[in-house]
Every structure is written in C-alpha cells, then in structure tokens.
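The values are calculated or read from the model by the stated rules, or taken from the named source; none is laboratory data. Just so it is clear, the model here is predicted, and its values are computed rather than measured. Every residue, glycine among them, receives a Cβ derived from its backbone with ideal geometry; neighbour counts consider all protein chains shown. Just so you know, the surface numbers come from the protein's heavy atoms only, side chains and all, with ligands and any DNA or RNA stripped out. Shrake-Rupley method; radii C 1.70, N 1.55, O 1.52, S 1.80 Å.
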Amino acid sequence: MGWDRIGQWWDSVWATMPVISDTWLLGAGVAVIVLITFPPTWSLVRHVVTIAHEAGHAVIGVLTGRRLQGIRLHSDTSGLTTSRGRARGFGMILTALAGYPGPAVAGLIAAGLVASGRANAVLWWWIVGLVAMLPWIRNWFGFLPVLGAGAAIGVVIWLERPLVTGVSAVALTWLLLLGAIRPVWEMQAERVRLRRRGRRSGSDADVLGDLTWLPAGLWVFVMFAFVVSAAALGGWWMVTGGVDWPWA
C-alpha cells in the first residue's frame, strides 16, 4: 500500500498540465521584472534567488568531494555556504563558481519542465530542495526565507488549481532566470566601489581570481554572460515550447 501511494503521488507530480496562455506567461514575466527592478520588492524576492545561489555552492561542493558544513541566509539577502576540503584545486574553483550561475541553472531546469507542461513538478522540486536545505541552516534568520518559500509553494500545491499552479511555476521560473542577472551586476558595482577606496570585496569573483590567477573581472564577465544567456534560452523554451524533451 505504501508503494502504491508513493506511485500515485509521483504520478500527480509528473502529470502534464494544460500549458498556460501566452498572456499569462508574458504577464508573469513582466510582473517579475517589476519585482526585481524596484528596491523594496527586490529586497524581498531576492531571498529566493539567494536560496538558489547558496544551494549552487552546496550542491557543487558536495559533488566535487567537499564536506558541507552549513548555510547561512541573512536579512540583507546575502548568504554564506561553508564547506571543508582542499583550499585550492578544481573542486574549490567549481564550488566558488557555482553560486551566481546557480539560480540561472535552476531556472533552466524549471523552464524545461514548464515547456513540457509539468508545472507541478517545478513546485515539488522546490519543496524537496527546501526540505533538503533545512538541516544545513546555521542561523535563526536563515529558517525564515526557507520556511516562507516552502509555505507559499505548499499553499499553491494544496489548492490544486491548474491555472494557479501554472502561473506560480512560471513566475518562479522567471524569477530564477531574470533574478540571476541583477546580483552579478550588483557584485561588480560593489567591487568597483570598494576598489576605488583601495579595498577588496571578497566576492566570489575575487575568490576565483585568487584561485586561478585569472582576473576577477573576467570571472564577472563569464558569470554575466552565462546568466543572460540562460535567461534568453529559458524564456525561449517557455514561450515556444518547441524543444523535444526526453521526458515528454
């Protein structure tokens, strides 16, 4: 009976849903652009982007053999993921690089699911990820954005309304794709501001510069090019739905 229930749950998660209209799709995108443009709303929705950022560090760190120690999410929307392992080397480079592209990668995966009509899977994928992150949170505030995002997504799943599910999944996908761009821009602006004062920012780009002896500015360019390209590609997938996915 237990396996039957798991099978039924999986069928409901992976079931295809009617694709939302272009009006809702583009409307959600415009709404997200508004949210990430204005500082008051950006300071709120950026917590979602930060969760994906820190998850990127954590996942790649573990996959490259590092030992995850903890994740901290702060009220100013910054975050910190710590892991134990070699101080230098390819694994550390990939771990440091994974943060800013992390939301864009998550957005691409979500865009692929949305394009194949599996909006419900996008929401459940986030629920699973948030639950997996909880044991690694190491500060009290860090629980708030994780639990808050989980509660909001849980309500949408509980309502079981196709239009609400579809629009929510698309909005989350747009937030990941478009919201990945602004933090890279802000990182570079902060680097420039501090450099004028004769200080270093300690950003991921600066860490990569120390690890590879390549200029930190080059890493900023690589990150920015990646997140912009991911936003364009993910948006194209959702708008056209013209990719033959192997799971479709």
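Annotations
- For the stretch 1-44, alpha-carbon Rg over 2.2 N^0.38 Å: 1.93
- 165, 240, ranked by accessible area, largest first (probe 1.4 Å): 240, 165
- When the solvent-accessible area of the chain is split by element, carbon and sulfur atoms take up 69 percent of it, the probe being 1.4 Å.
- Counted residue by residue at 0.36 nm each, then reduced by the alpha carbon distance between them, the extension gain from residue 26 to residue 212 reaches 62.9 nm.
- Radius, Kirkwood style, for the chain when every pair of distinct Cα atoms is counted (Å): 18.9
- Of the GluC sites (Glu not before Pro) in the stretch 128-226, those whose Cβ has at most 11 other Cβ within 10 Å and which sit in DSSP loop: 160
- Hydrodynamic radius (Kirkwood) for the stretch 170-248, which is based on Cα pairs only, to one decimal in Å: 14.3
- Taking 1.567 mPa s as the viscosity and 4 °C as the temperature, the Stokes-Einstein diffusion coefficient of the stretch 117-206 based on its alpha-carbon Kirkwood radius rounds to 83 µm²/s.
- Solvent-accessible surface of the chain, averaged per residue with a 1.4 angstrom probe and all protein chains in place: 54 square angstrom.
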